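Working notes, structure below.
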Amino acid sequence: MNESWRRPSLRLLVLRRLEVAALALAALIAAGVVAALGNTVVGLACLGGVFVLGLGAERFVSRRFHAWGYAEREDDLLVRRGVMFLRLSVVPYGRMQFIDLTAGPLERSFGLATVRMHTAAAASDARIPGLDREEAARLRDRLAELGEAQAAGL
Amino acid sequence: MSEPDSWRRLHPLSPIVRGGRATIGAATLLLLSLVQGSRGSSDSFVELAIVGIVVVLGFVSWLVTRWRIEDDDLRIESGVLRRQSLRFPLSQTQAIDIVRSGLARIFGVAELRLRTGGSSGATARLDYVAAHEAEPLRARLLALAAGAREHEGAPQPETVVEERVLTTVPTGRLIGSILISDVGILAEAVLAALIVTAVLSPAAAAGVIGVGAAWIFTVLTLVWRRFNQEYRLSLAEAPDGLRLRSGLIALSAETIRPGRVQAVRMVEPLFWRALGWCRLEVDLAGKQRSKGEGQAERRPLRTVLPVGSRALAEELLERIVPDRPPVQSPPPRRALWKSPLRYRMLAWGRSETCVATTSGRIRRVTVWAPLEKVQSLRRVQGPLQRRLRLATVHVDTAGRSVHAAIRDRDTAEADRALVELSDLARTERRKKRR
């Protein structure tokens with residue numbers, strides 16, 4: 001399968017990192033309060049722990065981000081994702097029932113959107129998060145067009 | 001069928017049958033109050049009044065419900081306050097089923113159920129008509145649906161579709177098979193445990209029954225439901241598909257159109273394999289969840305053969321999924337690390353039109369999925385599989401209970417399978433569209 005893989009927008013990575021950073025910051029403040037008021041040793045250990053965990057989470061998030069990819073082929077859409085569990089879905093355009101374009105408040109503030117293709121099978125898994133808004137709209141329209149052209153029903 | 005185009009009413013007993021359990025409850029109440037009638041007359045008066053109101057409501061609903069055949073449509077009108085008029089195009093009909101619940105059999109009526117295609121699966125119900133009218137009416141509706149225009153004074157009784165019975169399941173074998181099936185063995189274990197405790201100490205047994213009543217009841221219900229649904233199940237071949245009839249108390253008859261089958265599976269529980277028995281189930285598309293459909297209709301899985309020999313199953317399979325590939329290629333030996341229990345069962349095969357997989361830990365489950373029904377393909381690889389250079393390919397169909405998965409294959413083989421299957425599925429889709 002030689003096809004050109006496309007990725008979600010880099011802003012998704014920024015968003016994910018910010019989420020991790022916000023969580024880590026909250027935990028750091030809590031640990032700092034412990035260090036200042038109570039047991040200093042325990043507090044410092046907590047600070048160190050939070051720092052290491054935060055770094056680990058950052059690495060996890062960025063690896064996950066780089067695992068995402070999608071490719072539009074002539075007859076089907078390929079979506080790959082996952083670090084621990086590698087998943088590659090092949091969804092024919094003709095099987096598409098409808099397309100969802102969603103954007104949560106955080107995604108929206110970053111100008112991102114998630115495109116999801118639904119088929120008659122519940123197990124089908126074709127979700128692409130963190131697309132540029134224009135790219136998401138383009139993909140949605142293109143998928144809708146191709147889906148209509150190749151519709152195969154049940 | 002002397003005047004085909006006039007409005008007709010349903011059977012007068014319909015409201016009673018439709019009330020189902022409520023009717024039985026009301027009748028019991030009424031009887032009880034009559035038996036004890038002597039005490040407090042005002043009490044029984046209230047009860048009588050309630051029953052009277054219900055009866056009048058039922059009568060009114062019967063009075064305002066009417067149906068007729070108009071050209072190629074079936075029209076059903078019902079309701080007083082919320083008038084509902086249903087126009088059901090017969091040309092869209094996929095199947096017409098006759099369903100008879102226990103109460104319906106007592107009163108000698110039957111329900112006709114018309115189903116359209118598509119995943120929305122709209123249903124029109126004629127509940128109820130007299131039992132002896134149901135079969136001719138079904139034949140007439142089917143003939144109309146087939147586009148045969150109705151001729152005046154010629155109701156064509158000979159168009160009653162010819163059926164060829166393929167198999168009937170003997171009751172003895174059904175009982176035997178349930179006794180050694182997974183549910184059956186569970187029920188037996190529960191009963192045996194109860195008896196043992198009862199012999200050892202009756203007091204403890206009473207306690208156990210008190211605590212585990214719900215569980216015991218559930219297990220027994222499962223066994224009973226299976227027996228009730230599969231009692232005297234017979235499968236016949238009709239021009240419009242496979243006709244399935246079964247039931248001990250509630251009779252059902254259903255037609256499975258070949259195009260509706262999303263996947264087929266054959267289940268061989270541990271003890272059945274020794275006897276060479278197996279079970280065939282068919283997964284149908286659709287989210288038919290319309291109100292009032294029985295439990296059996298809501299399940300997407302239909303048992304085509306509750307128990308039978310391999311040879312018989314093969315014969316039936318030939319009609320449901322022709323061109324079945326042999327399932328023989330086992331996964332590489334290192335898959336033993338990943339699925340030690342499943343390893344012996346794992347295999348897959350494919351032909352030009354169909355993919356087959358086997359799996360299962362204790363029972364063996366073989367799944368056939370026609371490639372023209374494939375909705376999507378997925379290749380999944382977990383951490384352990386990656387270390388062992390294995391991967392699993394899932395074949396997704398619209399069926400909800402049967403799932404084909406080509407488990408634990410060599411990575412290269414899985415990739416090849418993904419490419420081949422998506423190509424073959426595309427060819428099949430194109431063939432169908434043309």
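The values are calculated or read from the model by the stated rules, or taken from the named source; none is laboratory data. Owing to the predicted nature of the structure, the values given are computational and were not obtained by experimental measurement. We place every Cβ from the backbone using ideal geometry, glycine too, and count neighbours over all the protein chains shown.
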- Task: Restricting attention to the stretch B:339-372, report how many residues are part of a strand (DSSP E or B), within 21 Å of residue B:276 (Cα to Cα), touching an Asp or Glu at 6+ places or on another chain (Cβ under 7 Å) and hydrophobic (A, V, I, L, M, F, W, C).
- Result: 0
- Taking the stretch B:225-237 and keeping residues surrounded by 15 or more Cβ atoms within 10 Å (Cβ to Cβ) and either free of Cβ contacts under 8 Å to residues at least 24 places away in the same chain or under 12 Å from residue B:178 (Cβ atoms) (or both) leaves B:226, B:227, B:228, B:229, B:230, B:231
- Query: Looking at the stretch A:119-149, which of the residues that are outside any helix (DSSP H, G or I) and touching a residue at least 60 places away in the same chain (Cβ under 8 Å) is surrounded by the fewest Cβ atoms within 10 Å (Cβ to Cβ)?
  - Reply: A:132
- Message: Just the residues that are over 13 Å from residue B:17 (Cβ atoms) and in contact (Cβ under 8 Å) with a residue 40 or more places away in the chain, please, taken from the stretch B:93-112.
- Response: B:93, B:94, B:95, B:96, B:97, B:98
- Task: Give the residues of the stretch B:9-52 that are surrounded by 11 or more Cβ atoms within 10 Å (Cβ to Cβ), modelled with pLDDT under 75 and hydroxyl-bearing (Ser, Thr, Tyr), sorted by residue number.
- Result: B:23, B:33, B:44
- Note on the structure: Within the stretch B:343-384, residues being within 14 Å of chain A (Cβ to nearest Cβ) and aliphatic (A, V, I, L, M) number 8
- Selection from the stretch A:42-91 of residues that are closer than 24 Å to residue B:394 by Cα, of a type in the set (Ser, Thr, Tyr) and away from chain B (no Cβ under 13 Å): A:70
- Per-region count, the stretch B:79-88, residues free of Cβ contacts under 8 Å to residues at least 24 places away in the same chain and touching a strand residue (DSSP E or B) at 6+ places or on another chain (Cβ under 6 Å): 3
- With B:310, B:260 as the choices, which residue is modelled with pLDDT under 80, under 25 Å from residue B:364 (Cα atoms) and either exposed (fewer than 14 other Cβ atoms within 10 Å of the Cβ) or not assigned by TED's automatic domain parsing to the domain that holds residue B:96 (or both)? B:260
- Message: Exactly one of these conditions fails for residue A:83: (1) hydrophobic (A, V, I, L, M, F, W, C); (2) modelled with pLDDT of 90 or more; (3) farther than 30 Å from residue B:429 by Cβ; (4) crowded, with 17+ Cβ neighbours inside 10 Å. Give me its number.
- Response: (4)
- Give the residue, chosen from B:140, B:105, B:113, B:100, that is of a type outside the set (A, V, I, L, M), at pLDDT below 85 and surrounded by fewer than 19 Cβ atoms within 10 Å (Cβ to Cβ). B:105
- Task: Please state which one of B:429, B:400, B:387, B:409 is touching a residue at least 40 places away in the same chain (Cβ under 8 Å) and either more than 10 Å from chain A (Cβ to nearest Cβ) or on the phi > 0 side of the Ramachandran plot (or both).
- Result: B:409
- Query: Which of (1) within 14 Å of chain B (Cβ to nearest Cβ); (2) outside any loop (DSSP other than H, G, I, E, B); (3) touching a strand residue (DSSP E or B) at 6+ places or on another chain (Cβ under 8 Å) is the odd one out, the single condition residue A:94 does not satisfy?
  - Reply: (3)
- Item | Failed item in (1) crowded, with 18+ Cβ neighbours inside 10 Å; (2) touching a residue at least 40 places away in the same chain (Cβ under 8 Å); (3) under 15 Å from residue B:377 (Cβ atoms), with residue A:90 passing the rest | (2)
- Query: So, in the stretch A:100-118, of the ones that are at pLDDT below 90 and within 14 Å of chain B (Cβ to nearest Cβ), which residue ends up surrounded by the most Cβ atoms within 10 Å (Cβ to Cβ)?
  - Reply: A:117
- Query: Out of (1) more than 28 Å from residue B:390 (Cα to Cα); (2) of a type in the set (Phe, Trp, Tyr); (3) outside the structural domain of residue A:14 (by TED's automatic domain parsing), the odd one out for residue A:85 is which?
  - Reply: (1)
- Task: Look through the stretch B:203-237, keep the residues that are in contact with a Pro (Cβ under 9 Å, 6 or more places away or on another chain) and part of a helix (DSSP H, G or I), and return whichever of them is farthest from residue B:165 (Cα to Cα).
- Result: B:226
- Task: Look at residue B:426 and say whether it is within 25 Å of residue A:93 (Cα to Cα), over 23 Å from the mean Cα position of the chain (by Cα) and not in a strand (DSSP E or B).
- Result: yes
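Give the residues of the stretch B:238-263 that are part of a loop (DSSP other than H, G, I, E, B) and among the basic types (Lys, Arg), sorted by residue number.
B:257
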- Task: Being without any contact (Cβ under 8 Å) to a residue 24 or more places away in the chain and within 18 Å of the chain's Cα centre (by Cα) narrows it down to one of A:102, A:40, so name that one.
- Result: A:102
